[in-house]
Amino acid sequence: MDDQGGKSAQQRWNSNLRKLIGLALVLTAIAASASAHGAPAGGPTSGISIPSLSHGEMSVISTYRGAIIDLAENAADTNEDFRRVLNYAQIEYSYCMWGSVPQSVSDENSPFNECSHAYLAATKDVLLRMRTMPREAAAASEIVSNIDTELVLHQLSLILCQFSNESFNTADLIRPDWSAVPMHPASMASFSAIALLLLGSAWALRRTGRSAG
């Protein structure tokens with residue numbers, strides 16, 4: 001019975017380890033695919049143009065992003081252009097790791113700064129479009145007023161970076177510069193933490209398997 005129990009525990013450990021390795025491979029494949037499939041060399045030929053966003057605006061817009069998206073998702077009187085820009089904002093947000101990578105908004109050298117510009121520029125565009133909607137106009141205008149106040153109060157309007165003059169297009173998805181992650185300490189630390197978490201989980205599963213044996 002002891003031998004059978006030991007074999008069973010070892011099998012569980014091997015199975016769980018394979019799952020963890022599989023997850024790591026999937027994440028690696030996603031990163032490689034995103035890096036390989038960037039924007040077309042000729043630029044977008046269709047889609048909706050989205051105005052650029054200054055570096056100073058980014059930090060303020062990011063603070064209000066949740067409220068803006070909630071309002072937009074519940075908007076009643078929408079049109080196709082509005083829905084496409086909203087969809088673009090949400091896709092870019094997911095491509096940019098849901099804004100979870102440290103310094104992705106604040107540091108223009110972050111591999112995630114350009115895609116942060118993209119989803120926040122689209123978020124701002126969504127907000128401005130809602131000011132013309134009868135039901136959402138009041139709430140949207142209040143958010144715009146709050147943003148303008150913070151920009152003036154902290155003198156952020158004129159803070160620029162390398163992406164501040166870059167406009168975007170719903171036909172052109174912006175992905176993180178994965179090849180630059182190892183050269184950016186904050187990004188590298190974030191992904192190293194994920195790797196350590198996977199290793200820690202594997203170690204814990206191995207100890208659990210030994211205890212069961």
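Read-outs: derived from the displayed coordinates by stated rules, not from any lab. All values derive from a computational prediction rather than experimental measurement. Glycine also receives a Cβ, built like all others from the backbone with ideal geometry; neighbour counts cover every protein chain displayed.
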Requested in this report: Find the percent of Cα-Cα distances in region 49-95 that exceed 11 Å, and round it to a whole number.
Outcome: 73 percent
Query - Net charge, S164 excluded, C-beta distance under 9 Å - Lys, Arg +1, Asp, Glu -1 - result: -3
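Assuming 0.692 mPa s and 37 °C, estimate D for region 122-171 with Stokes-Einstein, Rh taken as the Kirkwood radius over Cα pairs, in µm²/s.
Estimated diffusion coefficient is 263 µm²/s.
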**Report entry** Sites matching trypsin sites (Lys or Arg not before Pro) across region 104-134 that sit in DSSP coil, with at most 16 neighbouring C-beta atoms within 10 Å
**Finding:** R131
Query raised in the report: Each label point is 7 Å from the Cα along the Cα-to-Cβ direction; what then is the distance between the points at D148 and E166, in nm?
Result: 2.9 nm
Report task. Find the Cα radius of gyration of region 45-174, compare it with 2.2 N^0.38 Å by division, and give the number to two decimals. Result -> 0.99
Report summary line: Env charge @ D77, Cβ radius under 12 Å, K,R +1 / D,E -1, value +2
